[in-house]
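Rule-based calculations on the coordinates, nothing more; no lab input. None of the values given here were measured: they were computed from a predicted structure. FYI the Cβ positions are ideal-geometry reconstructions off the backbone, even for glycines, and counts take in every protein chain you see.
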Amino acid sequence: MSPDGIKLFGPGSVYFLTGGPSAINSVTMLLESGIRCFQYREKSKTKKEMFYEALELREITKKYNALLIVNDYADLALAVDADGLHLGQDDLPLAEARKVMGDRIIGISTHNILEAREAEKGGADYIGFGPIFHTTTKDAGVPKGLDALKEIKSSVKIPVIAIGGIKAENVKSVLETGCYGVAVSSGLLEGDMRAGIRCFKQECQKIFR
């Protein structure tokens, strides 16, 4: 739960991962379409550039009462008053991140049951698991598949967010595993974004009507 009491994830939540030169425009369109969870993820800009972009995203997301999670950097998350922090396996240890972040949201990327259970034991608020399918967004390794997602979901009690290669044509099968939500980047950015978002949400609604 964020400091403002915003619900972290609900059934069928779509968690958008930002990136690229059009992050502000993309987030604005997604907010207008009803998406309410965002992770600021940027690998190519300077920390100063990231601060100003994340600060703008924070101002926009607050207007819509939406969540903003910052990837990797606890100092940046606090500087822009983000709702939380998302860590990778090689980032700041969870226990140390909790000291810095207090009761703000902390999520962790996981790739197997051991990592998932360690994250839950360490007090993570949610885990990301994947890649579920092949993805070109980043070098995420071999796809885990839906069976592995089901196994992870049954192994922990905290929310599990599926990530990796998720698109409108396969999101229904992902949500049918019982995961709390899906993290998407390119799956919402390709082609006509507005039409793509509508199609994606329609597929999600087939599970959660």
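Among 133, 200, the order by Cβ neighbours within 10 angstrom, fewest to most, reads 133, 200.
Over the chain, dividing the summed -39,500 (n - 2.57) contributions of all DSSP H runs of at least 4 residues by the number of residues returns a 222 nm mean residue ellipticity of -11000 deg cm²/dmol. State the percent of C-alpha pairs, over all pairs in the chain, separated by a distance greater than 29 angstrom. So the portion of pairs separated by more than 29 Å is 17 percent.
Each Lys and Arg adds +1 at its Cβ and each Asp and Glu adds -1 at its Cβ; summed about the Cα centre, the chain shows a dipole of about 520 debye. In this structure, the pairs whose alpha-carbon distance is over 23 Å, taken from 47/153; 144/167; 63/167; 62/121; 144/172, are 47/153; 63/167; 62/121. Long hydrophobic helices in the chain, taken as whole DSSP H segments with a C-alpha length of 27 Å or more on their own axis and mean Kyte-Doolittle hydropathy at least 0.5, are absent. Here residue 43 is the anchor, and the aspartates and glutamates within straight C-alpha reach of less than 17 Å, apart from those fewer than 8 places off in the same chain, are 53, 72, 75, 90, 91, 139.
Counting charges near residue 33 (Lys, Arg +1; Asp, Glu -1) among other residues having Cβ under 13 Å from its Cβ returns a value of +2.
Each residue of the stretch 65-77 was assigned a 3J(HN,Hα) from its phi angle through the Karplus expression (A = 6.51, B = -1.76, C = 1.60, θ = phi - 60°), giving 6, 9, 7, 10, 10, 9, 7, 6, 10, 5, 5, 5, 4 Hz with x at Gly and Pro. Identify, among 124, 191, 110, the residue whose Cα sits farthest towards the positive end of the charge dipole of the chain, taking +1 on the Cβ of Lys and Arg and -1 on the Cβ of Asp and Glu, with the dipole about the Cα centre. With unit charges placed on the Cβ atoms, the residue in question is 191.
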